1. Sort segment 114-199 into rounded, prolate or oblate with this rule: let a ≥ b ≥ c be the square roots of the eigenvalues of the Cα gyration tensor; rounded if a/c is under 1.5, and if a/c is not under 1.5, prolate when a/b is larger than b/c, oblate otherwise.
2. Work out the FRET efficiency for residue 98 and residue 183 from their Cβ-Cβ distance, taking R0 = 22 Å, and round it to the nearest 0.05.
3. Taking R0 as 45 Å, what FRET efficiency do you get between residue 109 and residue 71 from their Cβ-Cβ distance, rounded to the nearest 0.05?
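Any read-out appearing in this document is the output of simple, stated calculations on the displayed coordinates, not a laboratory observation. Being a predicted model, the structure only gives us computed values, none of them experimental. Here the Cβ positions follow ideal geometry from the backbone for every residue, glycine too, while neighbour counts run over all protein chains shown.
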């Protein structure tokens, strides 16, 4: 790596600066004169480092101090890169999640508007002891209402299938109007709608 070498004299020699050998010039002159050729080669960020170096109490011949400033500059640049990268990926994840959520909500509304036998609704009910979850299995869908069976068990956590000892109770028949279902969905009481899930082994037990 090329080093920047600067002396103490009024005429400050710069040797091997970015691979180019320059005749001695005054540091103050090329730092403040934008028309000097060195300003066409050395970026403003490097001139800033030279300006800081000129005021460094360790002296202008301290190459270790020069490298230290360059390392700090590189480290700060690297830190900024990872910081903004993390922000970018966080925003990207949020956008993907929002798209997925809106798509899922739209699909659930369509399922409730056009119910089919075997659709399963996951319902949340708030009680004094906390939230409980249970399932409704559609056994008949009409133009303005549905008929569903209630699961035997209620859960204290979200679940995507019936437990081994759970089933839908044949005698526990419930009727819901579509407007009532929409209200329950808008209030968050219907957590999920699974199309045709009642026909697979996770939800096909009726007693």
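1. Working: a/c = 1.73, a/b = 1.20, b/c = 1.44.
In terms of gyration-tensor shape, oblate.
2. On the way: r = 24 Å, r/R0 = 1.09.
Rounded to the nearest 0.05, the efficiency is 0.40.
3. Values: r = 57 Å, r/R0 = 1.28.
It comes out at approximately 0.20.
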